[in-house]
Amino acid sequence: MNIPYDELSIQILTNEHNLSSFTCGDEDLDDFLINDAFKNQLIRFSVTRVVFHHNYLVGFFTLTTDCINKEDFIKRDQIQEISYRKYPALKIARLATASSFQRKGVGEIMLGKIFEIAVNISKYIGCRIITVDSKPGTIDFYRKYGFKTAKNDQNIIRLTYISMYIDYFNAIEISKIDHTLKEYDQNISKK
């Protein structure tokens, strides 16, 4: 059974949050949250958001900036109007759900929040690509939401991660399921 969105609270990590009981089944992710996430935030290297269900920590995600080479895109995904060799991106540096809450929709909600953040960022700076270095066990999760394997990784099996990307602007335009960008564009034209 999926957890309803309105039962979750997504907050920017502070030193007041108790993280010690979090476990997602991946020691590296657990260690990052408990020992590095807040430090990285203090030096403006990344920002972590923690997700609570009735005051129980059920997940977190960390975002930072990135860029991706145009050549790493599948040819049909390259943005033809742009001649730059690199595209600015928002990177999902970490995303994890507590072991006892996996497969209950928490990851999907966090990914939706990341898309919302990307749309909001694009109001202030150019950014329409989201990247992630996906662990092999999470590739299908990202593919389910439209992420594609970067060309530099298509024929390489890595033990640690696979580079993936999505042009969220194009995905939203194609799906016509989100009105946020249209509202934003209308507001900009009024100014």
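The values are calculated or read from the model by the stated rules, or taken from the named source; none is laboratory data. Just so we're clear, the structure is a prediction, and the values are computed from it rather than from any experiment. Glycine gets a Cβ as well: all are built from the backbone with ideal geometry, and neighbour counts include every protein chain shown.
Figures for the structure shown
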{"read-out": "Residues (within 11 Å of the chain's Cα centre (by Cα) and of a type in the set (D, E, K, R)) located in region 95-133", "value": "Glu108, Lys113, Glu116, Asp133"}
{"read-out": "Checklist (1) outside any helix (DSSP H, G or I); (2) within 19 Å of the chain's Cα centre (by Cα); (3) under 21 Å from Thr160 (Cβ atoms) applied to Gly25, failing item", "value": "(2)"}
{"read-out": "Ile92 vs. criteria under 11 Å from the mean Cα position of the chain (by Cα), of a type in the set (Val, Ile, Thr) and in a helix (DSSP H, G or I)", "value": "no"}
{"read-out": "Conditions (1) buried (at least 17 other Cβ atoms within 10 Å of the Cβ); (2) more than 18 Å from Cys127 (Cβ to Cβ); (3) out of contact with any helix residue (DSSP H, G or I) (no Cβ under 8 Å at 6 or more places or on another chain): number failed by Phe22", "value": "(3)"}
{"read-out": "Count of region 34-89 residues which are basic (Lys, Arg) and closer than 14 Å to Tyr165 by Cβ", "value": "4"}
{"read-out": "Residue in region 143-166 that is outside any strand (DSSP E or B), closer than 22 Å to Val50 by Cβ and at pLDDT 90 or above present", "value": "yes"}
{"read-out": "Qualifying residue in region 94-107 (condition: hydroxyl-bearing (Ser, Thr, Tyr), within 17 Å of Cys67 (Cα to Cα) and buried (at least 16 other Cβ atoms within 10 Å of the Cβ))", "value": "no"}
{"read-out": "First in region 85-113 and at negative phi, second anywhere and charged (D, E, K, R), Cβ under 6 Å, 6 or more apart", "value": "Arg85/Lys70; Ala89/Asp66; Lys91/Asp66"}
{"read-out": "Every pair of residues 6+ apart whose Cβ atoms lie under 9 Å, when the first sits in region 121-145 and is at negative phi and without any contact (Cβ under 8 Å) to a residue 24 or more places away in the chain while the second is surrounded by fewer than 18 Cβ atoms within 10 Å (Cβ to Cβ) and assigned to a loop (DSSP other than H, G, I, E, B)", "value": "Gly137/Asp26"}
{"read-out": "Positions within region 95-120 being of a type in the set (A, V, I, L, M), assigned to a helix (DSSP H, G or I) and within 14 Å of Tyr142 (Cα to Cα), in sequence order", "value": "Val106, Ile109, Met110, Leu111, Ile114"}
{"read-out": "Qualifying position, being in a helix (DSSP H, G or I), hydrophobic (A, V, I, L, M, F, W, C) and in contact (Cβ under 8 Å) with a residue 12 or more places away in the chain, among Ile3, Ile34", "value": "Ile34"}
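Each row is one residue, and each column tells you yes or no for (1) surrounded by fewer than 16 Cβ atoms within 10 Å (Cβ to Cβ); (2) modelled with pLDDT of 90 or more; (3) closer than 21 Å to Asp30 by Cα.
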site: Val50; (1), (2), (3): no, yes, yes
site: Arg85; (1), (2), (3): yes, no, no
site: Pro88; (1), (2), (3): no, yes, no
site: Lys91; (1), (2), (3): no, yes, yes
site: Ala118; (1), (2), (3): no, yes, no
site: Val132; (1), (2), (3): no, yes, yes
